[in-house]
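Each remark here refers to the structure printed beneath this line.
The values are calculated or read from the model by the stated rules, or taken from the named source; none is laboratory data. Keep in mind that this is a model prediction, so the values were computed, not measured. Backbone-built Cβ (ideal geometry, glycine too); neighbour counts: all protein chains shown.
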Amino acid sequence: MNDEAQALTTPTEKPKALTWPRFFARHFDLMIAYLLLSCILYISPDNFFPAINELKKNIWIRFLLFCPLNTGAAIVIDAIIYRLFGNTPGKALLNLKVHKPDDVKPSFSFYLKRNVYMWVYGFAFDLPIFFVTWMYQAKRLEDGKKTTYDEKLNCSVAAQPISMSRKLLFICLFILLEVGSEVLPLPLPLPWLI
């Protein structure tokens, strides 16, 4: 099986994106959205958010409150990025695209709804059971099915082959984002930093 697309497609079907490119594209896109969110809050005067500074000191509040709130805000930012540029950075770099059956470009509201469904069925609201839901969605993809959230909206994610240089660019940018998120003085905890 090819890393870029599944071999079994009909002539009218677009090659389906596999599990790992989708996972890494989503993670990349959410890292960008989290960083944008943190930058917005970082430039905001502290006196607008004094309670946040106290709340984020408690690890349980950080985990149970800020992770879901950050992800909720990040999926809205992700949908805005999609609307402005026609794709998200992670999907564009890995040559992935969300398609509706009629090949009409998904609207902002459609993409936001898909993100919300993905947050519920894929990320389990960022609660500690999210690994179970991720594995369930990955298993569905490996079995040739759509993810639960794509099935509910009757859409799919297509993949086109990419060059080795593009893969390397994605890997370098991914690592840069991961390292950057560790060293930048961000005002809110990012979920993977907790």
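Per-residue answers, yes or no, for (1) within 15 Å of ASP29 (Cβ to Cβ); (2) buried (at least 20 other Cβ atoms within 10 Å of the Cβ); (3) among the hydrophobic types (A, V, I, L, M, F, W, C); (4) modelled with pLDDT of 80 or more:
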residue: PHE63; (1), (2), (3), (4): no, no, yes, no
residue: ASP78; (1), (2), (3), (4): yes, yes, no, yes
residue: LEU84; (1), (2), (3), (4): yes, no, yes, yes
residue: LYS91; (1), (2), (3), (4): yes, yes, no, yes
residue: LEU94; (1), (2), (3), (4): yes, yes, yes, yes
residue: VAL98; (1), (2), (3), (4): yes, yes, yes, yes
residue: ASP102; (1), (2), (3), (4): no, no, no, yes
residue: ARG114; (1), (2), (3), (4): yes, yes, no, yes
residue: VAL120; (1), (2), (3), (4): no, no, yes, yes
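Of the residues making up the range 149-168, those that are polar (S, T, N, Q) and loosely packed, with under 14 Cβ neighbours inside 10 Å are ASN154, GLN160, SER163, SER165. Pairing each residue of the range 160-175 that is under 18 Å from LYS97 (Cβ atoms) with any residue that is modelled with pLDDT under 95, provided the two are 6+ apart or on different chains, yields C-beta distances under 6 Å for PRO161/GLU4. Put simply, of LYS145, LYS105 the only residue that is among the basic types (Lys, Arg) and out of contact with any Asp or Glu (no Cβ under 9 Å at 6 or more places or on another chain) is LYS105.
Do the conditions hold for PRO106, that is, is it in contact (Cβ under 8 Å) with a residue 12 or more places away in the chain and surrounded by fewer than 20 Cβ atoms within 10 Å (Cβ to Cβ)? No: the conditions fail for PRO106. All of (1) modelled with pLDDT of 95 or more; (2) farther than 24 Å from ALA92 by Cα; (3) of a type in the set (S, T, N, Q) hold for THR133 with one exception: (1).
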